[in-house]
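Notes follow once the structure below has been shown.
The values are calculated or read from the model by the stated rules, or taken from the named source; none is laboratory data. This is a predicted model, so every value here is computed, not measured. Neighbour counts are summed over all protein chains in view; Cβ atoms, including those assigned to glycine, are modelled from backbone coordinates with ideal geometry.
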Amino acid sequence: MYYFISDVHIGYYPRQKERDREKLLLDFLKKIAPNCDTLFIIGDLFDYWFEYKSVIPKDFIRVITALISLREKNINIEYLIGNHDFGHKDFFTDELGINIYFNDIETTLSGKRFYLSHGDGKVKNDYGYYILKKILRNPLSNKLYRLIHPDLGILLASSSSKRSRNYSDKKDYGSGDSLLEYAKSKISEGCDYVIMGHRHKIFFEKIGKGYYINLGDWFNNPHFGKFDGENFTLMPVNQFIE
């Protein structure tokens, strides 16, 4: 069984308020353990992530421990970086054995072609973000940022992440859905499933011979995807863990 999650944004709320959403994620990870072959994280697992040479955000230790538990059961985890949790370096790969991807990936599962993308950078007319992404993902920018004391650096990362989400929620991107159009192009190239996040809108539609799925977010109505080798299902997390 293959599982897919996106846009959990752990860390968005103050620590005490975040406990319930964190528990939901932990319960979900525990529930999938018995039959999970691979967990695909399609970006923005954390509302912010920035790691230093010897420091990581302490508020995420329970989530990290749960991921370690999955890896100890030989469950594969593939993690595509989103626009909020881009500050990864080598902690997840070296210490957890989790593959990190800074770009889209294509993979074959049970003979089906999957195209996986967080979806950031594919929304038309978002020129401000295109420029910001180049700055934030620049190795020199990250190296200079790590010169800031971790307490201040993580605080700045958290506050800027919240402002970014507020900006995205209020911005008018015009008519149409750029992610849908992009998915259509990948399906026309032969992909059976295109899976994205980023827009925080649940979507599941057959397009030609393929399917476009947007996993939504974990703020109001958390969903996840699963593929059993034949069929893809999108379902509510709360219903799954009952």
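You will find that of GLU22, GLU18, GLU51, the residue that is more than 20 Å from ILE81 (Cα to Cα) and acidic (Asp, Glu) is GLU18 and no other. For segment 190-213, the criterion of being touching a Gly at 6+ places or on another chain (Cβ under 9 Å), basic (Lys, Arg) and within 30 Å of ASP20 (Cα to Cα) is met by at least one residue. Do you know which of the residues in segment 108-125 that are free of Cβ contacts under 8 Å to residues at least 40 places away in the same chain and loosely packed, with under 14 Cβ neighbours inside 10 Å is farthest from ALA66 (Cα to Cα)? The residue in question is GLY111. Inside segment 3-40, residues that are out of contact with any helix residue (DSSP H, G or I) (no Cβ under 9 Å at 6 or more places or on another chain) and surrounded by 21 or more Cβ atoms within 10 Å (Cβ to Cβ) make up a count of 4. Among the residues of segment 191-242, those identified as among the basic types (Lys, Arg) and surrounded by fewer than 22 Cβ atoms within 10 Å (Cβ to Cβ) are LYS201, LYS206, LYS209, LYS226.
Take the residues in segment 210-242 that are in a helix (DSSP H, G or I) and of a type in the set (A, V, I, L, M); name whichever of them is nearest to LYS31 (Cα to Cα).
Of everything passing the filter in segment 210-242, ILE241 is nearest to LYS31 (Cα to Cα).
Pairing each residue of segment 192-211 that is more than 25 Å from VAL8 (Cβ to Cβ) with any residue that is of a type in the set (S, T, N, Q) and at pLDDT below 95, provided the two are 6+ apart or on different chains, yields no C-beta distance under 7 Å.
Hey, which of the helices (runs of 4 or more DSSP H) in segment 55-157, taking only ones fully inside, have at least 1 residues that are within 14 Å of THR38 (Cα to Cα), at pLDDT 90 or above and among the small types (Gly, Ala, Ser)? Steps first, answer last, please.
Working: elements: 61-72, 127-136, 139-145.
Hits in segment 55-157: 61-72.
None of PHE91, PHE102 is surrounded by fewer than 14 Cβ atoms within 10 Å (Cβ to Cβ) and touching a residue at least 24 places away in the same chain (Cβ under 8 Å) except PHE102.
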